[in-house]
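Below is one structure; the comments refer to it alone.
Read-outs throughout are calculated quantities, based only on the coordinates presented, and are distinct from any laboratory measurement. Note that the structure is predicted; figures quoted are calculated from it, not measured. Here Cβ is always computed from backbone atoms with ideal geometry, including for glycine, and neighbour counts include all displayed protein chains.
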């Protein structure tokens, strides 16, 4: 029963990737902001963390304009925290469902190994 509930929670909380696999709730969110000088600011969430990439193809810049920072703040608060994680609830549900899935997989593998060992004939010398 627990595994059945965990699969439903993972399907509900996660997002579908290209191959049909499930990813963390905010994995399909992201924002790309084009600066006036041609550089870009990119914010990519990965569940409970972010990658912030700023710069041009070969040169990284450290200045982010106030307008870009406001867009980043809006994205972080509204799109990621409120809509993407439902104030963290959706992310907590996802983490719980993944821990159940890992636990069940490990249990099945251990049980299969034990059955394989029990079924294999023992050599007597």
Original post:
Separation between the residue 51 and residue 8 pseudo-spin-labels, each 7 Å from Cα along Cα→Cβ, expressed in nm?
Top reply: 3.5 nm
Subject >> Estimated inter-spin distance, residue 76 and residue 101, nm [label 7 Å along Cα→Cβ] >> reply: 2.9 nm
Original post:
In which sequence would 75, 89 go, from the one with the fewest C-beta neighbours within 10 Å to the one with the most?
Top reply: 89, 75
Original post:
So how much slack lies between residue 83 and residue 120, counting 0.36 nm per residue of separation and subtracting their Cα-Cα distance, in nm?
Top reply: 8.0 nm
